[in-house]
1. Just name the residue that is nearest to Thr115 (Cα to Cα) out of those in the stretch 14-48 that are polar (S, T, N, Q) and surrounded by 15 or more Cβ atoms within 10 Å (Cβ to Cβ).
2. Just checking: which of the strands (runs of 3 or more DSSP E) contained wholly in the stretch 171-241 hold 2 or more residues that are over 24 Å from Phe151 (Cα atoms) and open to solvent by 30 Å² or more (accessible area, probe 1.4 Å)?
3. Has the stretch 315-333 got at least one residue that is of a type outside the set (Gly, Ala, Ser), open to solvent by 50 Å² or more (accessible area, probe 1.4 Å) and at pLDDT below 95?
4. Please identify the pairs in which a residue from the stretch 245-270 that is closer than 30 Å to Ser483 by Cβ has its Cβ atom under 8 Å from the Cβ atom of a residue that is polar (S, T, N, Q), counting only partners at least 6 apart or on another chain.
5. Is the stretch 395-404 home to any residue that is open to solvent by 30 Å² or more (accessible area, probe 1.4 Å) and assigned to a helix (DSSP H, G or I)?
6. Any idea which residue in the stretch 522-562 is surrounded by the fewest Cβ atoms within 10 Å (Cβ to Cβ), counting only those that are of a type in the set (A, V, I, L, M, F, W, C) and not in a helix (DSSP H, G or I)?
7. Residues being open to solvent by less than 20 Å² (accessible area, probe 1.4 Å) and either of a type in the set (Lys, Arg) or more than 19 Å from Phe161 (Cα to Cα) (or both): count how many of those fall in the stretch 249-267.
8. Take Glu246 and tell me if it is open to solvent by less than 30 Å² (accessible area, probe 1.4 Å) and charged (D, E, K, R).
Amino acid sequence: MLKTHSCGELRPKHEGETVSLAGWVHRRRDHGGLIFIDLRDHDGLVQSVFNPQENADAYAVADSCRGEYVVVAKGTVARRPEGTENASLPTGEIEVRVSEAQVLNPAKTPPFYITEETEVEELLRLKYRYLDLRRETMHQNIVTRHRVVKFIRDFLNERGFTEIETPLLTAPTPEGARDYLVPSRVHAGHFYALPQSPQQFKQLLMVAGFERYFQIARCLRDEDLRADRQPEHTQLDLEMSFVSDEEDIFRLTEELYYSLAQALFPQRPIREHPFPRMTYEESMRRFGSDKPDVRYGLELSDFNEALRDTEFAVFWQVLASGGLVRGLCVPGGAEFSRKQTDDLTTFVQQFGAKGLVSMAFLGEGSIGSLAEEEIRSPVAKYFTVEQAKEMARIAGAKRGDMLLLIADRPSVANRALDGLRRELADRLQLYDPNILAFAFLKDVPLFEWSETENRWVSMHHPFTSPREEDLPLIDSDPGRVRSRAYDLVCNGWELFSGSIRIHRRDLQEKVFAMLGISAEEARRKFGHMLEAFEYGAPPHAGIGAGIDRLLAVLTGQPDIREVIAFPKTKSASEPLTGAPTTVSPEQLRELHIAVTEIEPD
């Protein structure tokens, strides 16, 4: 090895030792007679000193160096002169007085600063990702990722789980996102699919008798991208046999996430432990979202009953058509300017809401003594004082507060108010960004109605078990059937979803039929699963937990690309290699594929 020590490990205990170091020139400072180089490697930085009086050749090498040159240096560890220590560096009490040095490879000037955490355009960062990964934050994110994954592996190994790899080339499946397809050279006109998750294989492993399975699995989905999605992502895939109810999974995963955060992120206090449990219905009612951020209040309220006799046309038209009026109370919101409320109106429109109604309560005293002139709203004339008081009571508003209301279809109102909650919490700084607020959600609906497909589709996936007591509703009222699916959320991010699975053929076929999958299609696409359930399938349950999302939450990053070594852009391209690319006609012929132009619809 060219190095005897890493740059980041040297301490006063190494004083007097001769060491050989290798790394990159992080910073170079010429003090007119002495040259100081901060040498950087994977483990950290150390200051090296080049003195022409001690070694002219080594000094000449230092004189030729520039940022990001790759250098090897040999010298003696010494304490820094008193008063020159650097308390911000782990190696700040010592320096290396260099006697020999060699440039292993010079470097061009990087397209952005490596030594400073400056804002850099995304495409440039991804094109030169190997340089971006040298920057301290990015480097630490990837190291932290390794530590988190190792912790998970060790935790599960100690609890009797077996890590098993499942295929990357498998059969396409309906439901979920679009598959990435891989053409077969050997079987003309046939395709493999890359796995969206190892769902079927992990259930088959339960049938095979591996009672506790896990895998750090690569999953690929051809879906539109956003901050918490990538075409390929990594998940902790976990399955357990002989699970009696959701709490078996909750207890295991709560211990995993709590102990992981305590061990690796002690600076991130956990808001509540044990993690709170809530139903899907409760989460939607209180927060308008199935991944609520519970670090702050701003809980939602329903005003349908209070406004059943409203004269405000916008509201009564929505109520008459089966919609709802929902909103939240902004503490101190009466001080908002007209421009601030107008900005919030524009903000909610991006979620499909048509508008936002504000109502501020002025003056002093109790809400019960509120007078007409103390209600400030662009539509105040359409409401009686008693209606305003009742709305304030429902929302828990006081004088000085403001209600923000949206009238629309439930899906639109919830989506807009969820976004509004998050925006207001950021603007008003209502939470400590260091706090981790975990919560479990359960009793997710089994089906949801797809307007585009005009049929019922799985809310989770088609292998999710319904609640036993709701089985009679599958034929009569599918929308009311609760599943045994569950999620873990933290700070407004979904960290995992999972479910107690179907393990009986008759029930699985009934769910397939409800989803419009014919008996023939079920036999063709899932015959292996249905048959396996007839060979002694145990009750089982599991999760698919996003490693990338977990890392983004724990490290405080706004986008999962910040914790992935080589991510894609939001257009699913990779500037570094140019992927996706065209391929030669010869390759296409070998794969029995012809590319043709198709007119857009």
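The values are calculated or read from the model by the stated rules, or taken from the named source; none is laboratory data. Just so it is clear, the structure is predicted and the values come from calculations on it, not from any experiment. When we count neighbours, we look across all protein chains shown, and the Cβ atoms used for this are built from the backbone with ideal geometry, even at glycine. Just so you know, the surface numbers come from the protein's heavy atoms only, side chains and all, with ligands and any DNA or RNA stripped out. Shrake-Rupley method; radii C 1.70, N 1.55, O 1.52, S 1.80 Å.
1. Gln47
2. The qualifying strands (runs of 3 or more DSSP E) are 181-183, 191-193.
3. Filtering the stretch 315-333 for residues of a type outside the set (Gly, Ala, Ser) gives 315-319, 324-326, 328-331.
After this cut, where a residue has to be open to solvent by 50 Å² or more (accessible area, probe 1.4 Å) as well, the list is 316-317, 331.
Now drop any that are not at pLDDT below 95, which leaves 316-317.
Yes: the stretch 315-333 contains one or more residues that are of a type outside the set (Gly, Ala, Ser), open to solvent by 50 Å² or more (accessible area, probe 1.4 Å) and at pLDDT below 95.
4. The qualifying pairs are Ile270/Gln262.
5. Going residue by residue through the stretch 395-404, those that are open to solvent by 30 Å² or more (accessible area, probe 1.4 Å) are 396, 398-399.
So of that shortlist, the ones also assigned to a helix (DSSP H, G or I) come out as none.
No, the stretch 395-404 contains no residue that is open to solvent by 30 Å² or more (accessible area, probe 1.4 Å) and assigned to a helix (DSSP H, G or I).
6. Taking the stretch 522-562 as the starting set, the residues that turn out to be of a type in the set (A, V, I, L, M, F, W, C) are 522, 526, 529-530, 532-533, 537, 541, 543, 545, 547, 550-554, 560.
Retained after the next criterion (residues that are not in a helix (DSSP H, G or I)): 533, 537, 541, 543, 545.
Values: Phe533: 19, Ala537: 21, Ala541: 26, Ile543: 22, Ala545: 23.
Among residues in the stretch 522-562 that are of a type in the set (A, V, I, L, M, F, W, C) and not in a helix (DSSP H, G or I), the one surrounded by the fewest Cβ atoms within 10 Å (Cβ to Cβ) is Phe533.
7. Residues in the stretch 249-267 being open to solvent by less than 20 Å² (accessible area, probe 1.4 Å) and either of a type in the set (Lys, Arg) or more than 19 Å from Phe161 (Cα to Cα) (or both): 2 in total.
8. Spelling it out, Glu246 is indeed open to solvent by less than 30 Å² (accessible area, probe 1.4 Å) and charged (D, E, K, R).
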